[in-house]
Amino acid sequence: MTDLEAFVAGLPKAELHLHIEGSLEPELMFELGRRNRIDLPFKSVEEVRAAYAFSNLQDFLDIYYQGAGVLQTEQDFADMAMAYFDRAAADGVRHAEIFFDPQTHTDRGLPFSVAAEGLLAGMKAAEAKHGVTSKLILCFLRHLDEDAAFATLKAAEPWLDRIVGVGLDSSEVGHPPSKFARVFAAAGDMGLKRVAHAGEEGPPEYVREALDLLHIDRLDHGNRSLEDEALTARLAAEGMTLTVCPLSNLKLCVVDDLKNHPIPRMLELDLKATINSDDPAYFGGYVAQNYVELARAADLDRDALVTLARNSFEGSFLAEAEKARHLRDLANWSTA
Ligand code: HPA
Ligand code: ZN
């Protein structure tokens, strides 16, 4: 392990942008395929990994939704969650707020309860095993219509005391946040937090819509906000947390090279950027690797890495006392 790798692994951090279905490694995908007698269109783990060459978000989503088809039982979801938390714990993650896509599962006939109960069981077991706390965020698929999102919110009702908020993911361009204004208002009325992917491939206008129409508490990605100076100034003034995903941006061609990644510029502009892994099984690295590769390529110093970790706790949905405890641990660690 290099000094930088050891520094990053020890750095207390939260992960705020992680699609749990995107943590399904090919090895586990094959194991679940065998367990559930589901044929995969690949002969080997190597063949799966070779298929992970994407030129944009949609390329990735097509293969990602296909991979999720092996998930059939609560145990499958619990096993996938535990595999993620084993990796996250090794990466210095103290708290994670994880997305799941219920419609990916209900649309292929699974009851809402299978994903929800399985994930919640995995999260509880991971806390007992590693001491890593977590919260669950239900994402609506934006390529589907708002009525489908409303039906999902309704199906989620028995679990809403264990779901911290709602999010918006899947194909961004052509599916602006405005399409989901009413369902996000309903979620807000139910006391749920609100987050949305915006400005990954979509224009700055989508980020404005997420702020003004969805009333988001946190912005997922947000890279393209930087094209609009007034919007950037507003995000800084509002102290909006951005959950940025460097290796995802590279794999989905949102950036051409990590050395040109916007995170250093975001920090200069006083944006509350954080580093996250998005879909680590598909994008070639968990959260620590995102810190390390970005630090190397974009020449981030240790103070910048500590700032990014601090932003991750401050931008979390933890109670103030919990945030304060993590921030104290981080301060003690970084001055030790
Ligand atoms: N963007 C949009 N939808 C997604 C992503 C992403 O990076 N990962 C999983 N669903
Ligand atoms: Zn994402």
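Couple of notes before you dig in:
- Filter result for residue 75 (part of a helix (DSSP H, G or I), at pLDDT below 95, farther than 16 Å from residue 248 by Cβ and not β-branched (Val, Ile, Thr)): no
- Just one of (1) among the basic types (Lys, Arg); (2) over 23 Å from residue 96 (Cβ atoms); (3) within 20 Å of the chain's Cα centre (by Cα) fails for residue 296. It is (3).
- Pairing each residue of segment 168-190 that is within 19 Å of residue 156 (Cα to Cα) with any residue that is polar (S, T, N, Q) and away from ligand 2 (no atom under 16 Å from the Cβ), provided the two are 6+ apart or on different chains, yields C-beta distances under 9 Å for 183/152.
- Qualifying positions in segment 88-105 - in contact with a Ser or Thr (Cβ under 8 Å, 6 or more places away or on another chain) and more than 21 Å from residue 318 (Cα to Cα): 101, 102, 103
- Hey, residue 65 surrounded by 23 or more Cβ atoms within 10 Å (Cβ to Cβ), closer than 17 Å to residue 25 by Cβ and within 15 Å of ligand 2 (Cβ to nearest atom) or not: no
- Criterion: within 15 Å of ligand 2 (Cβ to nearest atom) and either farther than 21 Å from residue 113 by Cα or at pLDDT below 95 (or both) - qualifying residue of 228, 212, 220: 220
- Residue identified as surrounded by fewer than 19 Cβ atoms within 10 Å (Cβ to Cβ), touching a residue at least 40 places away in the same chain (Cβ under 8 Å), more than 30 Å from residue 313 (Cβ to Cβ) and not polar (S, T, N, Q) among 49, 108, 35: 35
- Condition met for residue 87 (surrounded by 15 or more Cβ atoms within 10 Å (Cβ to Cβ), away from ligand 2 (no atom under 16 Å from the Cβ) and either within 30 Å of residue 162 (Cα to Cα) or modelled with pLDDT under 95 (or both)): yes
- Take the conditions (1) free of Cβ contacts under 8 Å to residues at least 24 places away in the same chain; (2) outside any helix (DSSP H, G or I); (3) not basic (Lys, Arg); residue 54 misses just one of them, which is (1).
- Given (1) out of contact with any strand residue (DSSP E or B) (no Cβ under 6 Å at 6 or more places or on another chain); (2) crowded, with 22+ Cβ neighbours inside 10 Å, index of the condition residue 255 fails: (2)
- Residue selected from segment 1-32 under the condition outside any loop (DSSP other than H, G, I, E, B), surrounded by 13 or more Cβ atoms within 10 Å (Cβ to Cβ) and charged (D, E, K, R), by the criterion nearest to the chain's Cα centre (by Cα): 15
- Qualifying position, being touching a strand residue (DSSP E or B) at 6+ places or on another chain (Cβ under 9 Å), closer than 23 Å to residue 20 by Cα and more than 12 Å from ligand 2 (Cβ to nearest atom), among 273, 236: 273
The values are calculated or read from the model by the stated rules, or taken from the named source; none is laboratory data. Fair warning: this is a prediction, and the values are worked out from it, not measured in the lab. Virtual Cβ from ideal backbone geometry, glycine too; neighbours counted across all protein chains shown.
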